[in-house]
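Input: a single structure, listed below in structure tokens.
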Amino acid sequence: MGGTFDPIHYGHLLAAEECRSKLGIEKIIFVPTGDPPHKKDYKIASAEDRYAMTLLATAGVAEFSVSRTEIDRAKFTYTVDTLLEFNAAGIKPDELFFITGLDAMLSITHWFDYERIPELCTLVTATRPGWNVKALKKLPEFILRNLKIIEIPQFAVSSTVVRERIKNNMSIRFLVPHLVEIYIASNGLYKI
Ligand code: ATP
Ligand code: MG
């Protein structure tokens, strides 16, 4: 499961867990994106902070782990590169699932080299509040053939909502795991 995880929240964890249990996936690997090459938006946490929060959120969950591959890659990273890397590491296309939420899946035709993605993995999309499953119909047939749609409990949280709440001095308790909440507060993230 890829994402910026800025910060990771219970919507991410819930989506991952529902897809894991419904598809019988052995292990979920969270892959935080690296920092974009151009100057960062000052409101956005660094790759290392996002990685640390993803580790804290998944600590103690035997089936969840976190990969540094996109963070450590020197050049700007694309999903297709990460999938090729997992294939090369021995996870065959029929064993590899790429999980996104519905909003992300609806933009797949804008991703670099997206035409190659169905050969590298099975695509999985979790439902997300505010996004209509029917909109998937506009995606090309070769994507739809490879796509599994997983209905998950609808939890209308986003990293944007979490960041906005912090800026407005509102509570983020129960939107993010407790250790993530503590990490954000101790490091003064997202305050401005
Ligand atoms: P932002 O508001 O900054 O875009 P986000 O909450 O969408 O943050 P991302 O890191 O962009 O989080 O998302 C990573 C993946 O998790 C995406 O595929 C996204 O669709 C999915 N996702 C995020 N929140 C939810 C949710 N509440 N339910 C289902 N899927 C989600
Ligand atoms: Mg998003």
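A few remarks follow.
- Identity of the residue in the stretch 1-24, more than 14 Å from THR127 (Cβ to Cβ), small (Gly, Ala, Ser) and not in a loop (DSSP other than H, G, I, E, B), that ends up nearest to ligand 1 (Cβ to nearest atom): GLY3
- Scanning the stretch 161-192 for residues that are among the hydroxyl-bearing types (Ser, Thr, Tyr), touching a helix residue (DSSP H, G or I) at 6+ places or on another chain (Cβ under 8 Å) and more than 16 Å from ligand 2 (Cβ to nearest atom) yields a total of 2.
- Flag for GLY2 being modelled with pLDDT of 95 or more and within 14 Å of ligand 2 (Cβ to nearest atom): yes
- Meets criteria (part of a loop (DSSP other than H, G, I, E, B), modelled with pLDDT of 95 or more and either under 27 Å from GLY24 (Cβ atoms) or among the β-branched types (Val, Ile, Thr) (or both)) for ILE166: no
- Output for the stretch 128-179, where each listed residue is charged (D, E, K, R) and more than 14 Å from HIS12 (Cβ to Cβ): LYS134, LYS137, LYS138, GLU141, ARG145, LYS148, GLU151, ARG163, GLU164, ARG165, LYS167, ARG173
- Of all residue pairs spaced 6 or more apart or on separate chains, those with beta-carbon atoms under 7 Å, a first member in the stretch 180-192 that is part of a helix (DSSP H, G or I) and a second member that is among the charged types (D, E, K, R) are GLU181/ARG173; ASN187/ASP49.
- Filtered by the rule that a residue be more than 16 Å from ligand 2 (Cβ to nearest atom), small (Gly, Ala, Ser) and not in a helix (DSSP H, G or I), the stretch 81-104 gives ALA89, GLY90.
- Residue in the stretch 144-161 that is farthest from ligand 1 (Cβ to nearest atom), counting only those that are in a helix (DSSP H, G or I) and closer than 15 Å to GLY130 by Cβ: VAL161
- Checking each residue in the stretch 151-171 for being surrounded by 17 or more Cβ atoms within 10 Å (Cβ to Cβ) and within 19 Å of the chain's Cα centre (by Cα) picks out ILE152, VAL157, SER158, SER159, VAL162, ARG163.
- The number of residues in the stretch 50-63 being in contact with a Lys or Arg (Cβ under 8 Å, 6 or more places away or on another chain) and within 20 Å of LEU175 (Cβ to Cβ) comes to 1.
- Cross-chain or 6+ apart pairs with Cβ under 7 Å, the stretch 156-178 first and in contact (Cβ under 8 Å) with a residue 12 or more places away in the chain and more than 26 Å from THR127 (Cβ to Cβ), then away from ligand 1 (no atom under 12 Å from the Cβ) and part of a helix (DSSP H, G or I): ILE166/ILE184
Table: residues versus (1) surrounded by 13 or more Cβ atoms within 10 Å (Cβ to Cβ); (2) touching a residue at least 40 places away in the same chain (Cβ under 8 Å).
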site	(1), (2)
ALA52	yes, yes
LEU55	yes, no
GLY60	no, no
PHE64	yes, yes
ALA89	no, no
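The values are calculated or read from the model by the stated rules, or taken from the named source; none is laboratory data. Since this is a predicted model, take the numbers as computed values, not measurements. Heads up, the Cβs are rebuilt from the backbone with ideal geometry, glycines too, and the neighbour counts pull from every protein chain shown.
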